[in-house]
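Colleague: Please see the structure below; I have some questions.
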Amino acid sequence: MLTILFDGVAYGMLLFVLACGLAVTLGLMNFVNLAHGAFAMAGGYVTAVLMNRYGIPFLLTLPFAFLVPSLTGLVLERTLYKRLYTRSHLDQVLFSIGLVFMAIAAIDYSMGSQQQLIQLPTWLLGRADVLGIQIGRYRSFIIAVCGILVVVLQFILTKTRFGSRLRAAVDDRRVACGLGINVSMIFAVTFAVGSGLAGLGGALGAEILGLDPTFPLKFMIYFLIVATVGGTTSITGPFLASLLLGIADVAGKYYVPSFGAFVIYTLMIVVLVLRPQGLFARAR
Amino acid sequence: MLRRTVLSAVGAAAFTMALGGAAVAQETLKIGLILPMTGPFASNGRQIETAAKLYMQQHGDTVAGKKIELIVKDDASVADVAKRIAQELIVKDKIVVMAGFGNTPLALAPAPLATQAKVPAVVMAAATSSVTDASPFIVRSGFTQPQVNVPMAEWAAQNGIKKVVTLVSDYGPGIDAEKAFSGTFTTKGGQVENLRVPLANPDFSPFLQKVADAKPDALFAFVPSGVGAQFMKQFVERGLDKSGIRLIGPGDVTDDELLNSIGDVAIGTITTMHYSAAHDSPENKLFVEGFKKAANGLRPNFMAVGGYDGMHLIYEGLKKTNGAGGQALLDAMKGMSWVSPRGPVAIDPETRDPIQNVYVRKVERVNGELYNVEFATIPNVKDPTKATKSN
Amino acid sequence: MKSHTEDDVRRVLTRRGRWGFSEIAFWLVAVATLVFMPDRHLILNEIAIIALFALSLDLILGYAGIVSLGHAAFFGLGAYVAGILAQQGIGNPLIGLAAAALAAAILGLATSFLVLRGSDLTKLMVALGVALILGEVANRMAWLTGGADGLQGVNVSPLLGLFEFDMFGTTAYAYSLTVLFVLFVLARRVMASPYGLSLRSIRDNPLRARAIGIPVNRRLVVIYTLAAAYAGSAGALLAQTIQFVSLDVLAFHRSADVMLVLVIGGAGYLYGGIIGAVVFKILQDYLSDLTPQYWLFWIGLILVLLVLMDRERMVSKARTLWKRTANRLTHRAEPLATTRTAREI
């Protein structure tokens, strides 16, 4: 029972790291970035290539898995995304799906279409027995990393000057502009960090979710579910939503395996029908 | 009314044109290879395409004095697209034979066309037993799920395994594998519990936890190759290997393409399959070397051998018919036997399924690389589902 | 004063309803392909089906501002209804078509109460959820739908008892094209009616629409149901002309593709879906022949470039030209219909 809870938390945490960037871009910039998964895939591939071709240890690859997608994100934001903020959602969808297609084919061309696998260091393998509960070491590692990230993000968002500017920009972009906040700069930084987090999530998730060129399309639905169920105005919303979905998904598949696949979708519909703005959105 | 007359006139005109076209002597023989080249099953498509091209490279591109042209088409793993492409290949490109078919629906959708147009279809990958029932013009060069899973059940029963949990992906081949294994295993006195996993399932943890709770002697797993690697890692992560549960199954979980990167966690896994890249024969050496060279070091898997043998079947069939297609080619392919990289293979003239050896293998490290090492052979296995049906 | 306004409105409405020269030409070309492109009927059939599917999405997206990523739910339901009927021996294609449209309409009506709430994103995701659940249901009910193997044995009787569905796809294409045309004419009439105009006002500003007394919700429910019926018909056409139904009729990529098709062609003027279908399918066919592995890259690149070059401006320019040709005789430039979706909601 507790093991299931634990697995669910780990899965949810992973979803959160993968999807929080999407939630922020949606909330902050009102931009539907379906290419978010492509950044996650980029992170995963950075880790896989560094480990398998250059023999760099798993932990050391993680910073790169963050940096490469975030720099790519920054460049793309400044050159391409920036022009599309004022355009309709449909244009944004078209554009970002186009990017996803290109990313899929490019990865396929350069890396092949097969699954990429990584070898975890031995201290992350297997499981430990803590107070009678069987706990997977790697999953505890994920929970720890993601937990730290959540705390750091929450701190930045609530306690720093940048965070308050960001929140101001999310709440009302025009007024924030009027107050002299450099919204464009905030956009760029946030976008880069969101992409980087996705990349980190992709690297951490490669072991559990798998990694192949269709990754961005396969998980796009999950990212969108997290963003909509959690609401896009804060970071706690997506976080709690990820946990809820992770636990519900794992527990549903464990207790009622024949309806396992329904759980996550049904939950989403129920939440959205009851709370159309997302589970944890403040009323505006 | 006028429109309707026009329509039928058009239809008739098109029909006569096409027939006229077919009657003209063909100098090139076209083979339509319909494969999932993009999408979730893309790696299967690549394996088959590479193997088919390798065969042509090794055996030349002329048969019976005619040039062979291979037309590769992407069906993106969508059944209606597969059917439309097959239809276009038949009416527009006038192929003599179509081949490929990455999974069951992709083979079932175009099947009626094969019957209608009398164009033989060589199924290289789709492994649900019922595929060859869909049309008398379908010949299979790959394998069927029951064919490799019934021997697994027999092996398990003979080797002291009493209680098994099966875990299969919830789609045609998975259910086929589950039925074949469970049926045989229970008649041999074993105990089986069945679990099915949704096909689009990123995390196996809840299912594996259920397996851990059931404490069986062995876990029988079938998941499509690709996902297999992920599954295997999570199996070990959960410590199931240490709690004494053996992992058994068809060779999809220890797919040769990925086996090496799965790593040591795979060692000791027992599988039954018709092909291993480690199969010791001169034919296989030639095949593996050629394939690795063509595919940038990638190892061929059972998909590739299906593609390679499918081309062999087509080549030899066309040689016999002197380039003619249709019923003649079908008859030529039925009953054909040869030594393939996987070992001896024959096409059962009744079911049009391959009769082949199934090997029991164990994952071991050989010369620094992981291989499925064959240690027992069950010779000349027919598709068991159809064998029991006809009895 | 009052009668003057009435006259004005009536004149505008009739003008909207009148067929322009270029529209007639468009459909004549479509009919001509039946005769002059006999070996392309299979892909043309697919184009016609996707065009109908995109037309259905246009009804809710372009005219009512409802964004949906789950439109495949109706398409798939229609396909399964038509397919299962034909498999069970009711092979008459027209009966199958009607039953599929009806079933999809009922599903549309039932789910409209779930979907028509909240923001764009919420609608989009609820619709997606409905489609995904339906996909799972179809997978579970393998005894009826054939599950992941697909529905086999779909035997469709000859159309009107006269035309067998042939290998060349000629009957199939003629059938699909006719259905597309009839449903298109119907949609055109509906959208030119006062009802259609009230929908546009809802799309452009739902608050104001409510304020002037338009029953917003009821209008949206009706159009959602109608669009569902259209999508169901498209699904039925696919099932009947391909004579096979597999789970991917309900898959996410169906919904996403049709959205792409519509956005490429431009939403909100009925021809967008059709033009988008022609462009997208022909491109895809051409590119995947050139490079079966990597055609996705080039499609992606084209999409990105299309957006960067500001497709909307190009489309509206093209439309101005179109309208000018169409209205040559009236000499009155009509105010352009905006393609902007309901961002204001």
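The values are calculated or read from the model by the stated rules, or taken from the named source; none is laboratory data. Bear in mind the structure is a predicted one, so any value in this text is a computation, not a measurement. Cβ sites come from the backbone with ideal geometry, for glycine too, and all protein chains shown count toward neighbours.
Colleague: Any idea which of B:273, B:303 is over 30 Å from residue A:121 (Cβ atoms), within 14 Å of chain A (Cβ to nearest Cβ) and within 18 Å of the chain's Cα centre (by Cα)?
Modeller: One residue alone meets the criteria, B:303.
Colleague: Among the listed residues A:65, A:48, A:42, A:105, identify the single one that is over 21 Å from the mean Cα position of the chain (by Cα) and either of a type outside the set (Lys, Arg) or within 30 Å of residue B:45 (Cβ to Cβ) (or both).
Modeller: Just a single option satisfies the conditions, and that option is A:105.
Colleague: With under 30 Å from residue B:78 (Cα atoms), modelled with pLDDT under 85 and either touching a helix residue (DSSP H, G or I) at 6+ places or on another chain (Cβ under 9 Å) or surrounded by 15 or more Cβ atoms within 10 Å (Cβ to Cβ) (or both) as the only criterion, which of C:326, C:267 stands out?
Modeller: Result of the check over C:326, C:267: C:267.
Colleague: Just one of the numbered conditions (1) without any contact (Cβ under 8 Å) to a residue 40 or more places away in the chain; (2) part of a helix (DSSP H, G or I) is not true of residue B:72; which one?
Modeller: In the conditions (1) without any contact (Cβ under 8 Å) to a residue 40 or more places away in the chain; (2) part of a helix (DSSP H, G or I), residue B:72 misses (2) alone.
Colleague: Another one. Residues to consider are A:202, A:196, A:210; find the one that is among the small types (Gly, Ala, Ser), at positive phi, surrounded by 14 or more Cβ atoms within 10 Å (Cβ to Cβ) and within 22 Å of the chain's Cα centre (by Cα).
Modeller: Just a single option satisfies the conditions, and that option is A:210.
Yes or no, residue by residue, for (1) away from chain A (no Cβ under 14 Å); (2) surrounded by 22 or more Cβ atoms within 10 Å (Cβ to Cβ):
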position	(1), (2)
C:94	yes, no
C:126	no, yes
C:141	no, no
C:148	no, yes
C:155	yes, no
C:159	yes, no
C:168	yes, yes
C:175	yes, yes
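Colleague: A further question on this structure: Would you mind stating whether residue B:362 is more than 21 Å from residue B:100 (Cβ to Cβ) and part of a helix (DSSP H, G or I)?
Modeller: No.
Colleague: Another one. In contact with a strand residue (DSSP E or B) (Cβ under 9 Å, 6 or more places away or on another chain), touching a residue at least 12 places away in the same chain (Cβ under 8 Å) and at the interface with chain A (Cβ under 7 Å from one of its Cβ atoms) - does that describe any residue in the stretch B:250-259?
Modeller: No: the stretch B:250-259 contains no residue that is in contact with a strand residue (DSSP E or B) (Cβ under 9 Å, 6 or more places away or on another chain), touching a residue at least 12 places away in the same chain (Cβ under 8 Å) and at the interface with chain A (Cβ under 7 Å from one of its Cβ atoms).
Colleague: Being of a type in the set (Val, Ile, Thr), touching a Gly at 6+ places or on another chain (Cβ under 9 Å), over 15 Å from residue B:251 (Cα atoms) and part of a strand (DSSP E or B) narrows it down to one of B:168, B:164, so name that one.
Modeller: On the way: B:168 fails: over 15 Å from residue B:251 (Cα atoms).
The match here is B:164.
Colleague: Return the residue satisfying two criteria in turn: it lies in the stretch C:269-305 and is part of a helix (DSSP H, G or I) and aromatic (Phe, Trp, Tyr), and of such residues it is farthest from the other protein chains (Cβ to nearest Cβ).
Modeller: C:271
Colleague: Scan the stretch A:48-57 and tell me whether some residue there is touching a Gly at 6+ places or on another chain (Cβ under 8 Å), closer than 25 Å to residue B:238 by Cα and among the aliphatic types (A, V, I, L, M). Walk me through how you get there before you give the answer.
Modeller: Taking the stretch A:48-57 first, the residues touching a Gly at 6+ places or on another chain (Cβ under 8 Å) are none.
No.
Colleague: When the stretch C:230-268 is examined, which residues are found to be part of a helix (DSSP H, G or I) and within 20 Å of residue C:90 (Cβ to Cβ)?
Modeller: Of the stretch C:230-268, the ones part of a helix (DSSP H, G or I) are C:230-242, C:247-250, C:252-265.
Once the filter is applied, which keeps residues that are part of a helix (DSSP H, G or I) and within 20 Å of residue C:90 (Cβ to Cβ), the stretch C:230-268 yields C:232, C:233, C:234, C:235, C:236, C:237, C:238, C:239, C:240, C:241, C:242, C:249.
Colleague: Now, a different point. Tally up the residues in the stretch B:277-301 that are assigned to a loop (DSSP other than H, G, I, E, B) and touching a helix residue (DSSP H, G or I) at 6+ places or on another chain (Cβ under 7 Å), please.
Modeller: Result for the stretch B:277-301: 6.
Colleague: Tell me, please, whether a residue that is in a helix (DSSP H, G or I), within 26 Å of residue B:39 (Cα to Cα), in contact with a helix residue (DSSP H, G or I) (Cβ under 7 Å, 6 or more places away or on another chain) and within 8 Å of chain A (Cβ to nearest Cβ) can be found in the stretch B:234-241.
Modeller: yes
Colleague: Would you confirm whether any residue within the stretch C:244-253 is more than 12 Å from chain A (Cβ to nearest Cβ) and touching a Phe, Trp or Tyr at 6+ places or on another chain (Cβ under 7 Å)?
Modeller: Scanning the stretch C:244-253, I find at least one residue that is more than 12 Å from chain A (Cβ to nearest Cβ) and touching a Phe, Trp or Tyr at 6+ places or on another chain (Cβ under 7 Å), so the answer is yes.
Colleague: Could you list, in sequence order, the residues of the stretch A:96-125 that are in contact with a Lys or Arg (Cβ under 6 Å, 6 or more places away or on another chain) and either without any contact (Cβ under 8 Å) to a residue 40 or more places away in the chain or within 10 Å of chain C (Cβ to nearest Cβ) (or both)?
Modeller: A:113
Colleague: Here's another thing I want to ask about it. Pick from C:69, C:85, C:132, C:97: which is under 17 Å from the mean Cα position of the chain (by Cα), touching a residue at least 12 places away in the same chain (Cβ under 8 Å) and in a helix (DSSP H, G or I)?
Modeller: C:97
Colleague: Would you check if residue B:318 is assigned to a helix (DSSP H, G or I) and in contact (Cβ under 8 Å) with a residue 40 or more places away in the chain?
Modeller: yes
Colleague: Quick check on the stretch A:119-141. Is at least one of its residues within 30 Å of residue B:264 (Cβ to Cβ), part of a helix (DSSP H, G or I), under 19 Å from the mean Cα position of the chain (by Cα) and not hydroxyl-bearing (Ser, Thr, Tyr)?
Modeller: yes
Colleague: In the stretch B:248-276, what residues are among the aliphatic types (A, V, I, L, M), touching a Phe, Trp or Tyr at 6+ places or on another chain (Cβ under 9 Å) and crowded, with 24+ Cβ neighbours inside 10 Å?
Modeller: B:248, B:253, B:259, B:273
Colleague: Would you check if residue C:79 is in contact with a strand residue (DSSP E or B) (Cβ under 9 Å, 6 or more places away or on another chain), in a helix (DSSP H, G or I) and closer than 30 Å to residue B:173 by Cβ?
Modeller: The answer is yes for residue C:79.
Colleague: Also: Residue A:62: surrounded by fewer than 24 Cβ atoms within 10 Å (Cβ to Cβ), at pLDDT 90 or above and farther than 21 Å from residue A:188 by Cα, yes or no?
Modeller: Values: surrounded by fewer than 24 Cβ atoms within 10 Å (Cβ to Cβ): yes; at pLDDT 90 or above: yes; farther than 21 Å from residue A:188 by Cα: yes.
So residue A:62 fits the description; yes.
Colleague: Go through (1) surrounded by fewer than 18 Cβ atoms within 10 Å (Cβ to Cβ); (2) over 22 Å from the mean Cα position of the chain (by Cα) for residue A:173 and report which single condition fails.
Modeller: Going through (1) surrounded by fewer than 18 Cβ atoms within 10 Å (Cβ to Cβ); (2) over 22 Å from the mean Cα position of the chain (by Cα) one by one, residue A:173 breaks only (1).
Colleague: Residues to consider are B:323, B:368, B:310, B:335; find the one that is at pLDDT below 90 and within 23 Å of residue B:147 (Cβ to Cβ). Walk me through how you get there before you give the answer.
Modeller: On the way: B:323 fails: within 23 Å of residue B:147 (Cβ to Cβ); B:368 fails: within 23 Å of residue B:147 (Cβ to Cβ); B:310 fails: at pLDDT below 90.
Checking each option against the conditions leaves just B:335.
Colleague: Here is a list: B:235, B:291, B:287. Which entry is at pLDDT 90 or above, hydrophobic (A, V, I, L, M, F, W, C) and touching a Leu at 6+ places or on another chain (Cβ under 7 Å)?
Modeller: Step by step, each of B:235, B:291, B:287 is checked, and only B:291 is at pLDDT 90 or above, hydrophobic (A, V, I, L, M, F, W, C) and touching a Leu at 6+ places or on another chain (Cβ under 7 Å).
Colleague: Let me ask another. Output the number of residues of the stretch B:43-69 satisfying the condition of being without any contact (Cβ under 8 Å) to a residue 60 or more places away in the chain and away from chain C (no Cβ under 12 Å).
Modeller: Number satisfying all stated conditions: 5.
Colleague: From A:74, A:62, A:84, A:67, which residue is within 14 Å of chain C (Cβ to nearest Cβ), more than 26 Å from residue C:293 (Cα to Cα) and either in contact with a helix residue (DSSP H, G or I) (Cβ under 9 Å, 6 or more places away or on another chain) or not basic (Lys, Arg) (or both)?
Modeller: A:84
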